[in-house]
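Just below is one structure, and these are the notes that go with it.
Read the figures in this text as sums done on the coordinates, not as results from a lab. All figures in this text were calculated on a predicted structure; none of them were measured in a lab. As a convention, Cβ positions derive from the backbone with ideal geometry for all residues, glycine included, and neighbour counts pool all protein chains shown.
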2 protein chains.
Amino acid sequence: MSPKPMTRPGGRSARVQQSVHTAVRELESESGRDTLTVPLIAARAGVTPSTIYRRWGDLQELLSDVAVERLRPESAPADHGSLAADLTAWAEQFLEEMSADPGRAYIRDALLGDPDSGNAGACSDYAVEQIELILSRAVGRGELAPDVETLIDHVVAPMMYRIQFRPHPMPQDYARLLVENALKGLGPRRT
Amino acid sequence: MSPKPMTRPGGRSARVQQSVHTAVRELESESGRDTLTVPLIAARAGVTPSTIYRRWGDLQELLSDVAVERLRPESAPADHGSLAADLTAWAEQFLEEMSADPGRAYIRDALLGDPDSGNAGACSDYAVEQIELILSRAVGRGELAPDVETLIDHVVAPMMYRIQFRPHPMPQDYARLLVENALKGLGPRRT
């Protein structure tokens, strides 16, 4: 037994994940997602196909993991000085990103190769974390704030439902109206 | 040209659809859905595989169509004498059916092989039709009623979001609380 192994298993595992994810993104942008196969991805990533099958099971589960990584927010929600402004800006951006073609494709991929619903849960956790940050800022300002579950139910869920199930044009100002409605009845700002 | 064709194209088309849908349901219940293939389904339905490919494109699109047929409500919502009671009973049944394993699998199938979002739209239309019936009954009784879009956004969407994205236990009495919240602020019943 060597006291200094050449590679830590965790380190190698993380590198494999990164190179495989990168290979998926590169191949997808070069030749479209319908052309993706495990052997192609493995060749680009410099691993064997069996490494991919062992780790992800199949192509759908790999694509689900890649999609969840892409749905991860890149930054904290901007601070616009009030709960209403912060939530409105966040919801408008969320709706714009998720209803665009890449967002819809990532949502679909995330849900698809997800036998234990872990990736679906991760998508929801991203929204929960962003909203919790907005709420804690509001509380810091002395504003009255609803709880995060209320905002998931009445702001996030309606947007996701329309994106997935109602291929009609969205009502104008939809995100803003949902936020307005969710904050209604909270009373005036405490000062 | 014969003035009396032996089969009307619409008639044959409807028979093919029915026999293929039936074959999918039978094979699925006999040996599970992971064993389904187009050649197996074609053999059971008494059609050629190319008939299936021509009509549905691939297995996913066929399974999406079958799923939408299974998600179609079998009867009108029951009349319990008031808007609140009708909506609560409908929402509770919807949540129970959609959150059970078969319901979740049908939702997933419906969304998956659905390139033009037509099947996703059909799922949503089923809910809209059921709710519109409940609302028109309420109006007939002289009750104040919200519009159908409000109920889609604040009753149906939160249930579907939790079913799809939040693999945690649902809050107790979730459907009833969503309905209560959606009807809040409508004022007393007009008589």
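At 1.002 mPa s and 20 °C, plugging the Kirkwood radius over alpha-carbon pairs of region B:49-149 into Stokes-Einstein gives what diffusion coefficient in µm²/s?
On the way: Rh = 15.0 Å.
D = 143 µm²/s.
Note on the protein assembly as shown: Rg/Rh from C-alpha atoms, Kirkwood Rh, equals 1.03.
Label-to-label distances for residue B:181 across copies, nearest first, come out at 1.1 nm, using points 7 Å from Cα in the beta-carbon direction. Roughly how many whole Å is it from the C-alpha centroid of region B:118-191 to that of region A:60-83? Taking the Cα centre of region A:60-83 as reference, the centre of region B:118-191 is 29 Å away.
Inter-copy label distances at residue B:60, shortest first and taken from points set 7 Å along Cα to Cβ: 0.9 nm. Applied to region A:104-111, the Karplus parametrisation 6.51 cos²θ - 1.76 cosθ + 1.60 on θ = phi - 60° returns per-residue 3J(HN,Hα) values of 4, 5, 5, 4, 4, 4, 4, 6 Hz, with x for Gly and Pro.
Position residue A:40: other-copy label points at 2.8 nm, ordered by increasing distance, label point 7 Å along Cα→C-beta. 3J(HN,Hα) couplings calculated from phi for region A:14-28 with the Karplus curve 6.51 cos²θ - 1.76 cosθ + 1.60 (θ = phi - 60°) are, in sequence order, 5, 5, 4, 4, 5, 5, 5, 4, 4, 4, 4, 5, 5, 5, 5 Hz; Gly and Pro show x.
Projected onto their three principal axes, the Cα atoms of chain A cover extents of 65, 49, 28 Å, largest first.
Compute the Rg/Rh shape ratio of region B:41-105: radius of gyration over Kirkwood radius, all on alpha-carbon atoms. Mind dumping the intermediate values first?
Values: Rg = 17.5 Å, Rh = 14.5 Å.
Expressed as Rg/Rh, it is 1.20.
Considering all different alpha carbon pairs of region A:9-57, the Kirkwood hydrodynamic radius works out to 10.8 Å. Nearest beta carbon of chain B to the B-to-A rotation axis, with distance in whole angstrom: B:157, 2. Relative to the longest principal axis of the Cα atoms of chain B, the long axis of helix B:59-71 makes an angle of roughly 40 degrees.
3J(HN,Hα) along region A:118-130, derived from phi through the Karplus expression 6.51 cos²θ - 1.76 cosθ + 1.60 where θ = phi - 60°, amounts to x, 6, 4, x, 5, 4, 5, 4, 4, 5, 4, 5, 5 Hz, with x in place of Gly and Pro.
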